[in-house]
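This report concerns only the one structure given below.
The values are calculated or read from the model by the stated rules, or taken from the named source; none is laboratory data. Small disclaimer: the values here were computed from a predicted structure and weren't measured. No Cβ is skipped: glycine too gets one built from the backbone with ideal geometry, and neighbour counts run over all protein chains shown. Note: accessible area is taken over every heavy atom of the protein model, side chains too, but ligands, DNA and RNA are not part of it. Shrake-Rupley method; radii C 1.70, N 1.55, O 1.52, S 1.80 Å.
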Amino acid sequence: MIPEERLHQYNSILKASPNHSEALRLSLEQLGKQADYYDKSFLHVYAPVMTEYVSWVLKRAKADGINRLYFLARDGWLMYELAKKLMPKLGIVIDLRYIHVSRYVLRNAEYHFIGRKCIDSICVGGIDITFEKLMKRCALSDEEILEVAKELRFEDRLKECLSYAQIQELKARIDAFGISFFEMVQEHSEYFYKSITDYFEYVGLTGNIPYAIVDSGWLGTTAVSMGNILSQMLKRTVKVNGYYFGIYDIPKNADGKCFKSYYLHPNKDISRKVRFSICLFETLFSSPEGMTMGYENKNSVIKPICSGAGNPNEKLLRRNKELLMLYEGYLKAGDLSIGIVAKLLSLFMGSPTKMEAKLFGSLQFCDDVLELQMQNVAANWDMDELKKQGFLQKVTIKFFNSKEKLHESGWPEGSIVNLLGNSVKCRWAIFNERLYKRGMYVRKAIKV
């Protein structure tokens, strides 16, 4: 499929929304020859989707009596910038704030008071997880990592990619023999707990004003961690309300009423989830700065300490902001149904063209708590790897063969298209990927 044909498909979908169709037309006219295919794709798909989501957040917050919204770094950066522009159009007045948190600082602060339960959030899977990466999650230095590895007799496997089964075996070994490990984690967590509690007070999270957080979502663990820390600080139970683009699962023992979702809901929307990429969404809607590593207090002003590497996609993220602001400026009012949003995202994420897979799949991404090893969001697969990704092969490897390793991709459909083009083999491989995803979501829903 040539690029113009795909853009025509998006245009046809957006025609059901006169306001968005007009905003798109005027944005493209304004850009003229400056707009490349990336710009056009973003304006056709992600600009209308994001403006509708942020509009939904503002309207729901007003209806719920929320006076302040905290947009969480880094996924909330573009959402925050967009919300400031949309509020006057919607006739809504809410205190909007952008605050710096990350899974890394939140979890390490929690380790200060949850003790040995810390291994439940340290020893979890991901893309290309190694022993070294697991230890870095809890702020251990290289010397400390080696000491723990020797204690666990793991020193020869520091950089070996571990399967899900191997991570669970390691978790059991740490629980049984990791005396030094738990001592080190507790020592580091004291710093994180003190610094983040000071920051929470500084940004007003300890006050009585009705507030909620805004984030991309997925598992809801960020809100739970914030609530746990605030509860520990204030010596009372604190539940953090939030608005999210999508929620796949409500954390155990959490109040489901605190999680309000726009597009994806727990144990529902399976067809949407099958054709959705969390990793691609996060890559496109992030901020230019590096992730939050801690905080510094200078003259009673507390500022985040961000990783020095910054975001490798910084140039495109700033371009995304320019495109969103341009689009919003021409948008009279939102009238995009959730069904149209689903058609746009499912087509782009679930059935990308060669051009889309190449342009967007080359964006850099890391799904780990610490961004220690970036890779293309659409990982570079060869035919041998693709064979492992077949439905039966993948199930066998994941659940019955701990020695075989999978090279996971943040956007499998993009990886498949980059390898095979839009061919019959490509469609069959994507069918297998969807079959696997659907099986996992159905299995989870049945268990619930």
Counted residues in segment 289-301 being open to solvent by 10 Å² or more (accessible area, probe 1.4 Å), under 17 Å from LEU370 (Cα atoms) and not acidic (Asp, Glu) come to 3
Within segment 13-25, considering residues that are in contact (Cβ under 8 Å) with a residue 60 or more places away in the chain and more than 14 Å from THR51 (Cβ to Cβ), the one surrounded by the fewest Cβ atoms within 10 Å (Cβ to Cβ): PRO18
I need the full set of residues from segment 323-352 which are of a type in the set (D, E, K, R) and surrounded by 20 or more Cβ atoms within 10 Å (Cβ to Cβ), in order please. GLU328
In segment 29-80, which residues are open to solvent by 30 Å² or more (accessible area, probe 1.4 Å) and among the small types (Gly, Ala, Ser)? GLY32, ALA63, GLY65
How many residues are open to solvent by less than 40 Å² (accessible area, probe 1.4 Å), of a type in the set (A, V, I, L, M) and in a helix (DSSP H, G or I) when one looks only at segment 377-427? 6
Just to be sure before I move on: is GLU144 more than 30 Å from TYR80 (Cα to Cα) and exposed (fewer than 15 other Cβ atoms within 10 Å of the Cβ) in the structure I sent? no
SER102 versus (1) surrounded by 16 or more Cβ atoms within 10 Å (Cβ to Cβ); (2) over 19 Å from CYS366 (Cα atoms): which is the lone unmet condition? (2)
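Does segment 336-358 contain any residue that is in contact with a Pro (Cβ under 6 Å, 6 or more places away or on another chain) and more than 30 Å from ASN422 (Cα to Cα)?
Checking segment 336-358: not a single residue is in contact with a Pro (Cβ under 6 Å, 6 or more places away or on another chain) and more than 30 Å from ASN422 (Cα to Cα).
Say whether the condition of being of a type in the set (Lys, Arg), crowded, with 19+ Cβ neighbours inside 10 Å and modelled with pLDDT of 90 or more is met by at least one residue in segment 115-135.
yes
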Across (1) charged (D, E, K, R); (2) modelled with pLDDT of 95 or more; (3) open to solvent by less than 60 Å² (accessible area, probe 1.4 Å), ARG318 clears everything bar (3)
Need at least 3 residues that are closer than 25 Å to GLN364 by Cβ per element, so show me which strands (runs of 3 or more DSSP E) inside segment 247-321 make the cut, counting only ones lying wholly within it. 292-298, 301-306
Could you grab me the full set of residues in segment 302-315 that are open to solvent by less than 90 Å² (accessible area, probe 1.4 Å), touching a residue at least 24 places away in the same chain (Cβ under 8 Å) and of a type in the set (A, V, I, L, M)? ILE302
Considering only segment 183-236, state which residues are under 23 Å from LEU78 (Cβ atoms), open to solvent by 20 Å² or more (accessible area, probe 1.4 Å) and among the hydrophobic types (A, V, I, L, M, F, W, C). LEU219
Where the second residue is among the small types (Gly, Ala, Ser) and part of a helix (DSSP H, G or I) and the first is under 13 Å from ALA61 (Cβ atoms) and lies in segment 85-103, which pairs have Cβ atoms under 7 Å and are six or more apart or on separate chains? LEU86/SER55; LEU90/SER55; ILE94/ALA61; LEU96/ALA83
Considering TYR70, TYR98, TYR53, which residue is at pLDDT 95 or above, in contact with a strand residue (DSSP E or B) (Cβ under 7 Å, 6 or more places away or on another chain) and more than 23 Å from GLU322 (Cβ to Cβ)? TYR70
Out of all the residues in segment 353-371, is one or more surrounded by fewer than 18 Cβ atoms within 10 Å (Cβ to Cβ), more than 18 Å from the chain's Cα centre (by Cα), part of a loop (DSSP other than H, G, I, E, B) and among the polar types (S, T, N, Q)? no
Confirm whether TYR211 is of a type outside the set (Asp, Glu), under 30 Å from LYS150 (Cα atoms) and at pLDDT 95 or above. no
